[in-house]
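Below is one structure; the comments refer to it alone.
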Amino acid sequence: MNTKQNWLISWIGESDHRASEGTLTEGDGPIANALLGNTHYDRVFLLTNYPHERSVVFCNWLEKKANYKDIDLQDIELSSPTNYAEIYQNVCDTLIAIKLPRADVELSFHLSPGTPAMAAIWIMLAKTRFPATLLQSTKSNSPSNDGRFQVETVDFSFDLANDFLPEYLQRSDDRIERLNLNLPKSPPEFDKIIHRSQAMAEQIDLARRIAAHDVPVLILGETGTGKELFAEAIAKTSRRKEKPFIVINCGAISKDLINSELFGHKKGSFTGADNHRKGLFQEANGGTLFLDEIGDLPFDAQVKLLRVLQQGEITPVGETNPIKINIRIIAATHKDLMTEVSSGNFREDLFHRLAVGIIQLPPLRARSNDIDLLIEHSMARINADGKDQPEWQHKIISPKAKNILLQYEWPGNVRELHHTLLRAAIWSRHAEISEEDIQRNLLSMPKRSENVLEQTLDQGFDLQLLLDQVERHYIQKALQKVRGKKKSAAELLGISNYQTLTNRMARLGITLDDKFDNHDH
């Protein structure tokens, strides 16, 4: 018995809109023709780059016309409907967001609606990352059909990956090499940042540009998003690249010792100070000091750090005379420093001194297009690290196991992804890491009380994470209620304007497809 669902995915075209508006002279438009045909679709998912209100009118008309319920609509913002790269990126992000590809779903892509560029991307994806049946609408020549349109399957039998791309890449090598001679080379220091998503590419571009300016940098992002990688790349690309790069985690040092660790101390200045100590600022003199988790820096140390940034000098514990230093500060935190400033936990003047160049790293759930690439990179690294161990067996990951990884939300981001793969590779008894291996090695975070006022203040409690969960829940609920209209959702939530809501959605990793998910977050 076939338990698979049939899903139809398509752009909405001008003919479709005109059909719903009563201005199309022939037929009901490509999408309606498909839904009125012999195949029943369990889910219809439509993409639009037209004004939202116009496409909503079309969806309402289509539901009545074809007797379908709850047709899904996804707004896609494009700078141009012929920008292939932009169409490809947006479509991939959308398909991944609705958990595709899936073994229990038979996909169909409709080629007729939209621009030729959109159709070309459907063909490419159907033959590579998202296997699907391709459909098109054609005008019937049958006299009995009265000039109406019919939907037919597109015969596109060659394997794009195996038959075309190798030859194309072979032919393109010389051309690409010639082009590269005229393009600026990407600094190798950023090669460790594995990505293909536009969100990460934009932050890398900002980091490369700020690296050339000898100013403080503040890197913001959740735990495990790669803040230290960015800090190191900035330092190694700057004019101080030949000088020391010193890393310290402000949250890992006792509050009693933080001033000594950072600024040094004089012998005998306190119990246990048996020798003179330089401190990390002096060790990094001339180079770069990376202060990770700057949000955990004690208040008195914040005062001394402000003095470093304002006057370029430090005073070791027990000393009276300041010491001049020349140093660049890169700081990072997973906390919302503006909230910390408002609550009095972080000095506002220090925040503004640090936040000259701000890098905002997206969480992994907001760059889902990178997960596949990160899986391959981590597996290669794991196999390389284990190859010299006599008991090591080269590991690969099964498609079903990879599918679980692609659908997981990764609260611990890239670090959690790598360690999950490492655990699975170690514990797997076979060369192929199975679906069960991944399930066993995913960390299940303990569920907290549903009442936000009754959370336990145990180790690991993260107030900002809780606030983000509450905000994410109500934004998604509002978007669901108004069927994705951001302006209306902002009004429901008491948010001042559409752009503020868009910014919050980006920070929380919310896409408009989230309104179609009925589970709670």
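Its DSSP H runs of at least 4 residues, each contributing -39,500 (n - 2.57), put the calculated 222 nm mean residue ellipticity of the chain at -12500 deg cm²/dmol, to the nearest 500. Database remark: amide H of ILE327 closer than 5 angstrom to the amide H of GLY286 (H placed geometrically; neighbours at sequence offset of 5 or more, or on other chains; Pro and chain starts carry no H). In terms of the mean number of neighbouring beta-carbon atoms within 10 Å, the peptides 471-479, 358-366 order highest first as 358-366, 471-479. Ellipsoid semi-axes for the range 189-358, based on the Cα gyration tensor and the rule √(5λ), read 28, 18, 14 Å when sorted largest first. Listed by chain and number, the lysines whose alpha-carbon sits under 20 Å from that of LYS266, ignoring those within fewer than 8 places in the same chain, are LYS255, LYS278, LYS304, LYS324. Full extension of the chain between ASN38 and GLU491 gives 158.9 nm of extra length, using 0.36 nm per residue less the Cα-Cα distance. Quick check: from the Cα gyration tensor, does the range 227-277 come out rounded (a/c under 1.5), prolate or oblate? Verdict is oblate for the range 227-277. In this structure the amide hydrogen of THR315, modeled in the peptide plane, comes within under 5 Å of the amide hydrogens of ILE323, none closer than 5 places in sequence on its chain. Taking other C-beta atoms within 10 Å as the exposure proxy, THR511, THR153, THR3, THR502 rank THR3, THR153, THR502, THR511 from fewest upward. Placing a pseudo-label 7 Å from each Cα along the Cα-to-Cβ vector at ARG239 and ASP214 gives an inter-label distance of 0.5 nm. Rounded to whole numbers, the Karplus 3J(HN,Hα) couplings from phi for the range 422-435 are 5, 4, 4, 5, 5, 7, 5, 7, 10, 5, 9, 6, 8, 4 Hz, using 6.51 cos²θ - 1.76 cosθ + 1.60 with θ = phi - 60°, and x at Gly and Pro.
Hey, could you get me the Stokes-Einstein D for the range 5-163, Kirkwood radius over alpha-carbon pairs, 20 °C and 1.002 mPa s, rounded to whole µm² s⁻¹? Could you put the intermediate results ahead of the total?
Numbers: Rh = 16.1 Å.
D = 133 µm²/s.
FRET efficiency for the LEU309 to ALA120 pair, using the beta carbon distance and R₀ = 60 Å, is estimated at 0.70. Placing +1 on the Cβ of every Lys and Arg and -1 on the Cβ of every Asp and Glu, with nothing else charged, gives the range 18-120 a dipole about its Cα centre of roughly 160 debye.
Distance from the C-alpha centroid of the range 66-118 to that of the range 296-363: 46 Å, rounded to the whole angstrom.
For the chain, the Cβ-based charge dipole about the Cα centre amounts to some 980 debye (Lys, Arg positive; Asp, Glu negative; other atoms uncharged).
Choose one of TYR88, TRP61, SER10: the residue whose Cα lies farthest towards the positive end of the charge dipole of the range 5-163 (beta-carbon charges +1 Lys, Arg; -1 Asp, Glu; about the Cα centre). Result: TRP61.
Here THR320 and VAL341 are evaluated by their C-beta separation; at R0 = 35 Å the FRET efficiency comes out at 0.65. Using Cα-only point scatterers and the Debye equation, what is log10 of I(q)/I(0) for the range 1-57 at each q in 0.14 Å⁻¹, rounded to two decimals? The Cα Debye sum returns log10 ratios of -0.43.
Hydrodynamic radius of the chain by the Kirkwood approach over all distinct alpha-carbon pairs: 26.8 Å. Sorting THR339, THR420 from the fewest to the most surrounding beta carbons within 10 angstrom yields THR339, THR420. Residue by residue, the range 467-484 carries 3J(HN,Hα) couplings of 4, 5, 5, 5, 5, 4, 4, 6, 5, 4, 5, 5, 4, 5, 5, 9, 6, x Hz when phi is fed to the Karplus relation 6.51 cos²θ - 1.76 cosθ + 1.60 (θ = phi - 60°); x denotes Gly or Pro. Full extension of the chain between TYR84 and ASP300 gives 72.4 nm of extra length, using 0.36 nm per residue less the Cα-Cα distance. The string of couplings for the range 498-504 from the Karplus curve (6.51, -1.76, 1.60, θ = phi - 60°) is 4, 5, 4, 4, 4, 5, 5 Hz, one whole number per residue in order, with x for Gly and Pro.
Which of rounded, prolate or oblate describes the range 365-441 when judged by the alpha-carbon gyration tensor and an a/c cut-off of 1.5? Prolate.
Readers should treat all values here as calculations from the given coordinates under stated rules, not as data from a laboratory. Remember, predicted model here, so these are calculated numbers, not experimental data. FYI the Cβ positions are ideal-geometry reconstructions off the backbone, even for glycines, and counts take in every protein chain you see.
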